[in-house]
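Each remark here refers to the structure printed beneath this line.
The values are calculated or read from the model by the stated rules, or taken from the named source; none is laboratory data. Source: prediction; values computed, not measured. Positions of Cβ are generated from backbone atoms using ideal geometry, with glycine treated the same way; all protein chains shown enter the neighbour counts.
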């Protein structure tokens, strides 16, 4: 007589339950940490964007030797207004209230001939940081909120890179706090998981620091309860009955779990790409400003600009700057199509030769085609 136990297929139900339990524990432990990482990344993206905007406003004020404003706004279209609690920001020469959607400043013509508000750059707050909350205020040197603040969401830098007295009371500072209370929760300093950041602007410039982190949340012990042995019924073995799950059912479970893992990996990759794109665009803007600053520091003659800074033929200072671009941005080194270009043209209004400089910077992330990303800056060198 044949033994039917030798014909069983699949694995036992208890083995399947153990596998599902292990997977569940890993998900329970990993998903909260992954969520916290995503929300913390949004905080850092928003804080770095605001800091880049402040640095841009200060650099433009020094380069142009005029007052340049950095403003937090309620929107980035023509319904905008100055605010101390907005994540959007505008860098301009004039007050952009009600005009944030206007055309940007055209450096090909004198700044005075451009219509207000002469916008240099605009950034919407929901770009890579949709869940963050930005709150700014004027504070005393000891960190206490100012009794009668002058600050209204606008910070003006003068021609030497210092904060104008019209932006904040003498001796006071401005601090901008970036948090994520709705989705991420409380800051570490308050016992939460969010690494909240603060940007502090003093009368002499700006610096950034993180809010002091508090102690990590202690892990609570897990208490297990079991039934008494006397209350548990142990079923008798059925040697001739199938007790495991079929192999097909096991494969379906593995497939569903794999789909979940792929979705998590895809979400992680998408978030990393957004953070990386924002950083590379900020780096490209700073690299272009660096080269424009070198042009202004030269004697600004046609021969000097063409000889030292043009990309065709490549000048000495251009080669040094291009090497810095290759070392900073991905996909530039060794790819001819991604090499930055610098050209000079004649101002059609003033007929000044080689006074309009056009700087174009390309880069691409791995697996992207050449010139996948581009940043163009046009400046008048006179």
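Tabulated values for the structure
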| quantity | calculated |
| --- | --- |
| Residue in region 49-65 that is at pLDDT 85 or above, outside any helix (DSSP H, G or I) and assigned by TED's automatic domain parsing to the domain that holds residue 151 present | yes |
| Some residue of region 308-316 being at pLDDT 85 or above, outside the structural domain of residue 114 (by TED's automatic domain parsing), within 29 Å of the chain's Cα centre (by Cα) and not in a strand (DSSP E or B) | no |
| Among residues of region 91-115, those that are part of a loop (DSSP other than H, G, I, E, B), exposed (fewer than 15 other Cβ atoms within 10 Å of the Cβ) and in contact with a helix residue (DSSP H, G or I) (Cβ under 9 Å, 6 or more places away or on another chain), counted | 1 |
| Residue under evaluation residue 344, criteria (1) more than 26 Å from residue 53 (Cβ to Cβ); (2) within 31 Å of the chain's Cα centre (by Cα); (3) part of a strand (DSSP E or B), criterion not met | (2) |
| Subset of region 36-46 (residues that are more than 13 Å from residue 72 (Cβ to Cβ) and either in contact (Cβ under 8 Å) with a residue 24 or more places away in the chain or not assigned by TED's automatic domain parsing to the domain that holds residue 129 (or both)) | 36, 38, 39, 40, 41, 42, 43, 44, 45 |
| Unique match (being farther than 26 Å from residue 47 by Cβ, touching a strand residue (DSSP E or B) at 6+ places or on another chain (Cβ under 7 Å), surrounded by 14 or more Cβ atoms within 10 Å (Cβ to Cβ) and modelled with pLDDT of 90 or more) among 69, 118 | 118 |
| Flag for residue 143 being at pLDDT below 90, within 28 Å of residue 197 (Cα to Cα), assigned to a loop (DSSP other than H, G, I, E, B) and touching a strand residue (DSSP E or B) at 6+ places or on another chain (Cβ under 6 Å) | no |
| Flag for residue 144 being touching a residue at least 40 places away in the same chain (Cβ under 8 Å) and surrounded by fewer than 19 Cβ atoms within 10 Å (Cβ to Cβ) | no |
| Checklist (1) surrounded by fewer than 18 Cβ atoms within 10 Å (Cβ to Cβ); (2) farther than 13 Å from residue 86 by Cα; (3) touching a residue at least 12 places away in the same chain (Cβ under 8 Å) applied to residue 131, failing item | (2) |
| Hey, residue 10 touching a helix residue (DSSP H, G or I) at 6+ places or on another chain (Cβ under 8 Å) and at pLDDT below 90 or not | yes |
